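Novice: What follows is a single structure, and I will ask about it in a moment.
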Amino acid sequence: KHQYMYWSAYQIAMLQNCLTQLLLAMNDKNIMKDIRIEELIEIGEIFEMVVTGDSMLPLLGVGRDRLVLRRINDQEDITERIAMFRSNDQQIVVHRVIDVNNNIVTLQGYGNISKVERVERDRIIAVLERVIRDNNKEIDCLSESWRKKERMWLGLPIWLRKHTLSLIRLWKKQ
């Protein structure tokens, strides 16, 4: 039976901090710039992170949801999955895969009406397995109910999604 190790965003940050302190103590600053989240998480491991942005509204919300992600291998099919990736400006982002063509993956947040990102396949770090709401309810992201919510949101006319997102963001500011 495969054992999973759960990593929270806090644990990853603490580990990176410890490694930084260790390397600084060793007086070798050049090594630290090469240590990345991708290297801290082994393939198949499960880890958690908290939603920090609003680009996946309304399905994923800041302060409401924790994401349970799993590190993937290079051959895994990620089409229509929610994936964590390293963007071209080196930020860690979680968006929905809308297309995989050869080695290029196109992603888009639910809260982004027109903006898409294109990254190479090797920048995909993990896929979303479950969402944990603030009431500790767990939602399987491959379940029919989750997929139905995705289809409903994406099936709305763009003008309606745009106005709905504006109202949600305005309400969250208050």
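Novice: Under the condition of being touching a residue at least 40 places away in the same chain (Cβ under 8 Å), charged (D, E, K, R) and in a loop (DSSP other than H, G, I, E, B), which residue from region 36-48 is farthest from D122 (Cα to Cα)? It would help to see each step written out before you state the result.
Specialist: Let us first name the residues in region 36-48 that are touching a residue at least 40 places away in the same chain (Cβ under 8 Å), namely 36-38, 41, 44-48.
Those still in the list that are charged (D, E, K, R) too: 36, 38, 45, 48.
Those still in the list that are in a loop (DSSP other than H, G, I, E, B) too: 36, 45.
Working: R36: 14, E45: 17 Å.
Checking each candidate, the answer is E45.
Novice: Of the conditions (1) among the hydrophobic types (A, V, I, L, M, F, W, C); (2) within 22 Å of L69 (Cα to Cα); (3) open to solvent by 50 Å² or more (accessible area, probe 1.4 Å), L167 fails just one. Which one is it?
Specialist: (2)
Novice: Could you tell me which of the residues I98, I82 is over 24 Å from W171 (Cβ atoms) and either open to solvent by 10 Å² or more (accessible area, probe 1.4 Å) or of a type in the set (V, I, T) (or both)? Before the answer, list the steps.
Specialist: Numbers: I82 fails: over 24 Å from W171 (Cβ atoms).
Step by step, each of I98, I82 is checked, and only I98 is over 24 Å from W171 (Cβ atoms) and either open to solvent by 10 Å² or more (accessible area, probe 1.4 Å) or of a type in the set (V, I, T) (or both).
Novice: Could you figure out which of (1) modelled with pLDDT under 90; (2) open to solvent by less than 60 Å² (accessible area, probe 1.4 Å) isn't true of K172?
Specialist: (2)
Novice: For residues in region 11-70 being open to solvent by less than 60 Å² (accessible area, probe 1.4 Å) and of a type in the set (S, T, Y), which is modelled with the highest pLDDT?
Specialist: S55
Novice: To continue, here is another question. Restricting to region 115-141, give me the number of residues that are open to solvent by 100 Å² or more (accessible area, probe 1.4 Å), part of a strand (DSSP E or B) and farther than 30 Å from Q90 by Cβ.
Specialist: The total comes to 1.
Novice: Of the residues T106, T79, T52, which is in a strand (DSSP E or B), out of contact with any Gly (no Cβ under 6 Å at 6 or more places or on another chain), polar (S, T, N, Q) and closer than 27 Å to L160 by Cα?
Specialist: Numbers: T79 fails: in a strand (DSSP E or B); T52 fails: in a strand (DSSP E or B).
The match here is T106.
Novice: A follow-up question, please. More than 22 Å from V50 (Cβ to Cβ), open to solvent by 30 Å² or more (accessible area, probe 1.4 Å), touching a residue at least 40 places away in the same chain (Cβ under 8 Å) and not β-branched (V, I, T): does that describe E144?
Specialist: Numbers: more than 22 Å from V50 (Cβ to Cβ): yes; open to solvent by 30 Å² or more (accessible area, probe 1.4 Å): yes; touching a residue at least 40 places away in the same chain (Cβ under 8 Å): no; not β-branched (V, I, T): yes.
Spelling it out, it is not the case that E144 is more than 22 Å from V50 (Cβ to Cβ), open to solvent by 30 Å² or more (accessible area, probe 1.4 Å), touching a residue at least 40 places away in the same chain (Cβ under 8 Å) and not β-branched (V, I, T).
Novice: Here's something else I'd like to know. Could you list all residues from region 49-67 that are over 18 Å from I124 (Cβ atoms) and in contact with a strand residue (DSSP E or B) (Cβ under 7 Å, 6 or more places away or on another chain)?
Specialist: Within region 49-67, V50, V51, R64, D65, R66 meet the criteria.
Novice: In addition: Return the residues of region 85-98 that are in contact with a Lys or Arg (Cβ under 9 Å, 6 or more places away or on another chain) and part of a strand (DSSP E or B); say none if nothing qualifies.
Specialist: Matches in region 85-98: F85, R86, I92, V93, R96, V97.
The values are calculated or read from the model by the stated rules, or taken from the named source; none is laboratory data. Because the structure is a prediction, the values reported are computed rather than measured. A quick note on method: Cβ atoms are made from the backbone with ideal geometry, for glycine too, and the neighbour counts reach across all protein chains shown. Keep in mind that these areas ignore ligands, DNA and RNA; they rest on the heavy atoms of the full protein, side chains included. Shrake-Rupley method; radii C 1.70, N 1.55, O 1.52, S 1.80 Å.
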